[in-house]
Amino acid sequence: TNDDIVAINDSIDSLETALAGATTYVEQVVTGVTSGKTFSITTPVLFAADKDLEVFVNGLKVDFTQLTSNSFELNLAYDLEPTDKVMVIGVLA
């Protein structure tokens, strides 16, 4: 019936609104780092989002300091090489 269609449309509208406000994660890969332990990503992620931010170097999770929403310093005992692959997974700012 028409009432059923209206109820379904209202339900869909409600779900679309909820999804629009949902947290979105972004994965970014950086290669060719030449500045030792510091690098930047192109798309900013939430600043100081300790629980929702991870950094990996060549597939290994590493400690880091987030300097801004798109720049990081790695807490490593060695400098990065241009062939190292750095991946950042975080909440889109």
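Before moving on, here are some points about what is shown:
- Residues of the stretch 68-93 that are under 14 Å from the mean Cα position of the chain (by Cα) and part of a strand (DSSP E or B): Ser71, Phe72, Val86, Met87, Val88, Ile89, Gly90, Val91, Leu92.
- Within the stretch 34-56, the residues that satisfy the criterion of being part of a strand (DSSP E or B) and under 15 Å from the mean Cα position of the chain (by Cα) are Phe39, Ser40, Val45, Leu53, Glu54, Val55, Phe56.
- Here Asp63 meets each of (1) at pLDDT 80 or above; (2) among the charged types (D, E, K, R); (3) out of contact with any strand residue (DSSP E or B) (no Cβ under 9 Å at 6 or more places or on another chain) with one exception, condition (3).
- From the options Ile12, Ile89, residue that is at pLDDT below 90 and not hydroxyl-bearing (Ser, Thr, Tyr): Ile12
- Any hit, the stretch 26-34, residues being open to solvent by 50 Å² or more (accessible area, probe 1.4 Å) and either touching a Gly at 6+ places or on another chain (Cβ under 9 Å) or at pLDDT below 90 (or both): yes
- Any chance Thr1 is under 11 Å from the mean Cα position of the chain (by Cα), at pLDDT below 90 and either exposed (fewer than 12 other Cβ atoms within 10 Å of the Cβ) or under 27 Å from Gln66 (Cβ atoms) (or both): no
- Residues in the stretch 51-60 that are at pLDDT below 90 and of a type in the set (Asp, Glu): Asp52 only.
- Close contacts from the stretch 70-93, counting a first residue that is touching a residue at least 60 places away in the same chain (Cβ under 8 Å) and a second that is open to solvent by 80 Å² or more (accessible area, probe 1.4 Å) and in a loop (DSSP other than H, G, I, E, B), with Cβ to Cβ under 7 Å and a gap of 6+ residues or different chains, come to Val91/Thr23.
- Within the set Ala48, Ala20, the sole residue that is at positive phi and modelled with pLDDT under 80 turns out to be Ala48.
- All positions within the stretch 57-67 that are surrounded by 14 or more Cβ atoms within 10 Å (Cβ to Cβ) and either in a loop (DSSP other than H, G, I, E, B) or of a type in the set (Val, Ile, Thr) (or both): Val57, Val62
- In the stretch 68-81, residue modelled with the highest pLDDT [restricted to those that are open to solvent by 80 Å² or more (accessible area, probe 1.4 Å) and not small (Gly, Ala, Ser)]: Asn75
The values are calculated or read from the model by the stated rules, or taken from the named source; none is laboratory data. The structure displayed is predicted, hence computed values, not measured ones. Note that each Cβ is placed from the backbone with ideal geometry, even for glycine, and that neighbours are counted across all protein chains shown. Each accessible area value is taken on the protein alone, full model and side chains, heavy atoms only, with ligands, DNA and RNA left out. Shrake-Rupley method; radii C 1.70, N 1.55, O 1.52, S 1.80 Å.
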